[in-house]
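Undergrad: This structure is in structure tokens; I'll ask about it shortly.
A short reminder: the numbers here are calculations on the coordinates, not readings from a lab. Just so it is clear, the structure is predicted and the values come from calculations on it, not from any experiment. As a convention, Cβ positions derive from the backbone with ideal geometry for all residues, glycine included, and neighbour counts pool all protein chains shown.
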Amino acid sequence: MRKILLLLLGAIAVAVASTALVVVDETEHAVITQFGRAVAVHSDAGLHLKLPAPLQSVTRVEKRILFS
């Protein structure tokens, strides 16, 4: 029973941690919003951190559309 509980808690921890990562492509901006208010903008490509899904969300905006 204890092994099943530890396995379940480990799976939940991995799921929460995976929602805290943002991969930004070189052709886009990632706007991080918290409760509807923008708190960060990531313009450089790569892996970035944010708070897990219910607290912060990501809106992606194409760079090519902004400067055309």
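Undergrad: Quick one: putting +1 on the C-beta of Lys and Arg, -1 on the C-beta of Asp and Glu, what dipole do you get for the range 2-66 around its Cα centre, in Debye to the nearest 20?
TA: Roughly 360 debye, rounded to the nearest 20.
Undergrad: Here's something else I'd like to know. Nearest 10 degrees is fine. How inclined is helix 2-18 to the longest principal axis of the chain, computing both from alpha carbons?
TA: 0
Undergrad: In percent, how large is the relative contact order of the chain, given Cα pairs closer than 8 Å and 6 or more residues apart?
TA: 34
Undergrad: OK, next. Taking only DSSP H segments of four or more residues, each worth -39500 (n - 2.57), what value at 222 nm results for the chain once the sum is divided by all its residues, to the nearest 500 deg cm²/dmol?
TA: Calculated from helices alone, the mean residue ellipticity at 222 nm is -9000 deg cm²/dmol.
Undergrad: If you take the charge dipole of the chain about its Cα centre, with +1 on Lys and Arg Cβ and -1 on Asp and Glu Cβ, which of Val14, Ser57, Val31 is farthest toward its positive end?
TA: Final value for the positive-end residue is Val14.
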